[in-house]
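Report on the structure given below.
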Amino acid sequence: MNEATAVDDEEAAPPALKARHALLKRLADVVSLPASRINAFERAVTGDLLVEMLRQASPQDRQRVASRLTPLAELPDSVARLLLRDTPEIAGLLIEQCAALSDADLVGCARDAGPKHRLIMAGRRGLSEIVTETLFSFGEVETIEAVLRNPSARLSQVGIESVVALSRKQPRLCGLLLKRPELRPSGAYVMFWWCGADDRRVILQRFAVSRELMQEVSEDVFAMAADEAWSDPVSRKALQFIERRQRNRAAIEKSPYDGLEHAIAVAAQDGLSREVASEIAFLAGVKPLTGAKILGDPGGEPLAILCKATGLSRADLLNLWRSMRRPEITAEGAVHPDLDRVQITYEILAVDRAQTVLRYWNWSLSSALTPNLLRAIREGEDDAVDEYSAPERAAMMALAEDFGR
């Protein structure tokens, strides 16, 4: 603040309050002095006195002080606490521009102030993980969208997972999540179940990863596990995820059908019953629950993933589509848009990458589905889920609407 401005403001003040206005501006000037002119203790004491005056000051005066203090690299804690909890117009000056604010200042503001303060904060440059987690915790969609659009904001995996879970009821968050570099395949695979067609295509193009490296480093471990008669359930589950073969050979030997193609052909002719659907799942190397989730998906893209992962042909995909009596052609005689989209999905996917998605679904939707987890899903007990288990968290989100109350 230059001297001319200070004099003008003082002359404009009511006669009885000239001293108050003058002192308020002078104290703000003292607080603003560089470290070479004032030490930390002097700044703190001056800040305490400034706070006492600001509590009785007019909004215009508080806004002038906030504007004066915004460029500072060091700010008394007491002044920051007071101004950050002021009206959004006043607090916003500091929230948006003041580099002196710590994560503790921002988190305190987010918790103690209102939605408008949090929305302003969502656009601040350089937000840390702890601040974005706090902003996400309120579940305010507009604020969450602003954080996701903020390229300089850093997101933790806990924060990302909370938004992935929220996106089930707020699908508009899906597209923004897919643009974030912090999103991992586990979140994308589970979000696939409620995403729209365009977002599903992005997930398959970006997150359907290869397992080739895992297969290379564990090639000799398969023989070790076989020598142990596959007695260790932990290594067995992991190796089932890694292995190249998708179809269940043991199920083929016990099946009333000649193979997966035969079961699908029969379903196309007679319709897809629950028994045939379970048999298709077993033959494809997935659990019935995973198969039911895939076959019941309204969009149909999981069918393409299942067919590509198991080596089925495009004709088998059409038979599987036909078995569910889904529309194949439009009234004009063209291929139905839904079927066309599913067929394109089949064509763009590599077998290994389709297997990765299918294995992850099966791993999370069934292998991790213990009785305790199923009860937690039914009762909506998020705290009962192992925070370190990606499959359990994925199952909780993907199956919440299927088994929830």
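The values are calculated or read from the model by the stated rules, or taken from the named source; none is laboratory data. Quantities reported herein were computed from a predicted structural model and do not represent experimental measurements. Here Cβ is always computed from backbone atoms with ideal geometry, including for glycine, and neighbour counts include all displayed protein chains. All accessible areas refer to the heavy atoms of the entire protein, side chains included, with ligands and DNA or RNA removed. Shrake-Rupley method; radii C 1.70, N 1.55, O 1.52, S 1.80 Å.
A few notes on this one:
- Taking a straight line from the alpha carbon of Lys179, these lysines sit under 23 Å away, with near neighbours fewer than eight places off in the same chain left out: Lys169.
- Heavy-atom accessible surface of region 48-180: percent carbon and sulfur, 1.4 Å: 50 percent
- Normalised by the number of residues in the chain, the mean separation of alpha-carbon contacts (under 8 Å, six or more apart) gives a relative contact order of 9 percent.
- Relative intensity, log₁₀ I(q)/I(0), of region 84-143 from a Debye sum that treats every alpha carbon as a point, q = 0.15, 0.27 Å⁻¹: -0.34, -1.23
- Gaussian network model of the chain, Cα within-10 Å springs - most flexible of Ala251, Ala35, Ala146: Ala35
- Here's the list of lysines a cross-link from Lys254 could span, going by alpha-carbon distance under 21 Å and ignoring same-chain residues fewer than 8 apart: Lys287.
- Relative contact order of region 109-166, defined on C-alpha pairs under 8 angstrom at six or more residues apart (%): 38 percent
- Take Asp258: with every protein chain present and a 1.4 Å probe, its accessible area is about 130 Å².
- Peptide ranges 197-203, 305-311 listed from the most packed, as the mean C-beta count within 10 angstrom indicates: 305-311, 197-203
- Helix-only [θ]222 nm of the chain, DSSP H runs n ≥ 4, -39500 (n - 2.57) each, per residue, nearest 500: -19000 deg cm²/dmol
- Most mobile of Ile38, Ile95, Ile252 in a GNM of the chain (Cα contacts under 10 Å): Ile38
- Accessible area, probe 1.4 Å, largest first, for residues Trp230, Trp194: Trp230, Trp194
- Sequence-separation-based contact order of region 147-259, relative, with Cα cut under 8 Å and 6+ spacing, percent: 17 percent
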